[in-house]
Each structure stands twice: as structure tokens, then as C-alpha cells.
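So the structure is just underneath, and the comments pick up after that.
The values are calculated or read from the model by the stated rules, or taken from the named source; none is laboratory data. This structure is a prediction, so every number in the text was calculated from the model and none was measured. We place every Cβ from the backbone using ideal geometry, glycine too, and count neighbours over all the protein chains shown. What goes into the accessible areas is simple: the full protein's heavy atoms, side chains included, and nothing from ligands, DNA or RNA. Shrake-Rupley method; radii C 1.70, N 1.55, O 1.52, S 1.80 Å.
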Amino acid sequence: MRHHATAAGNVAFTADEEAARDAEVAEYAAGADDRAAAEVRTERDAKLSATDWTASTDVTMTAEMTTYRQALRDVPAQAGFPNTITWPEAP
């Protein structure tokens, strides 16, 4: 049972407050994969940004770098996404 901490001591939640809090907790838990996916995409985007210079028109991108960048773009298609990620090795 949950309580409110008050100056007069702990006051138990009402049934409606318990139900509302349970709904909040369930909603937060339901969004866990969405939050994890956003974090993974942010990391993936940073890794891609760090190699953007290799895609410049005055640079010839190596086959290894092309493969690496494609593997980064494919991270969301991995079977364990977003909770289990195998990051590609940078060349």
C-alpha cells in the first residue's frame, strides 16, 4: 500500500489514488522499449555523424567504411532491438 508523507504522518492512498498510480506505472513501463529505441538511435546517429566526413565529395569512401555505415543504419533491424544491440566494429 502506498502512502502520502504529510507533516501529520503517513496517509494511505485511497483506492482511486492507488488505481491512478498503477495506471501511471503501467504506462511508463509500456514505453520502456520506445525510450530504449530512442537512446540507441541517438548513439547510432552519433556514430554515423562521426564518420560523415568520409562521405564528402572530395574523399573516396573505403568499402569497409561503406559496410560499417550501412551496418549502423541497419541497427534498428537487429532481432534484439532495442534491448540487445551488436554494434558494428569501426574500420
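The table for this structure:
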read-out	value
Solvent-accessible area per residue, Å², over the stretch 1-52 with all protein chains present [probe radius 1.4 Å]	74 Å²
Dipole axis of the chain (+1 Lys, Arg; -1 Asp, Glu on Cβ), positive-most option in Thr51, Thr62, Gln78	Thr62
Rounded tilt (10° steps) of 15-30 against the dominant C-alpha axis of the chain	10 degrees
Per-residue [θ]222 nm for the chain (sum of -39500 (n - 2.57) over DSSP H runs n ≥ 4, rounded to 500)	-16500 deg cm²/dmol
Within-11-Å neighbourhood charge of Ala20 [Cβ basis; K, R +1; D, E -1]	-4
Check: the chain dipole with +1 on Lys, Arg Cβ and -1 on Asp, Glu Cβ, in debye	220 debye
Within the accessible area of the chain (1.4 Å probe), percent carbon and sulfur	54 percent
Å³ per residue enclosed by the Cα convex hull of the chain	151 Å³
³J(HN,Hα) computed for each position of the stretch 81-91 - Karplus, 6.51 cos²θ - 1.76 cosθ + 1.60, integer Hz, glycine/proline x	4, x, 8, 10, 10, 9, 6, x, 7, 5, x
In degrees, nearest ten, helix 63-73 long axis to first principal axis of the chain (Cα)	20 degrees
Solvent-accessible surface (1.4 angstrom probe) belonging to Thr62, in square angstrom, nearest 10	70 Å²
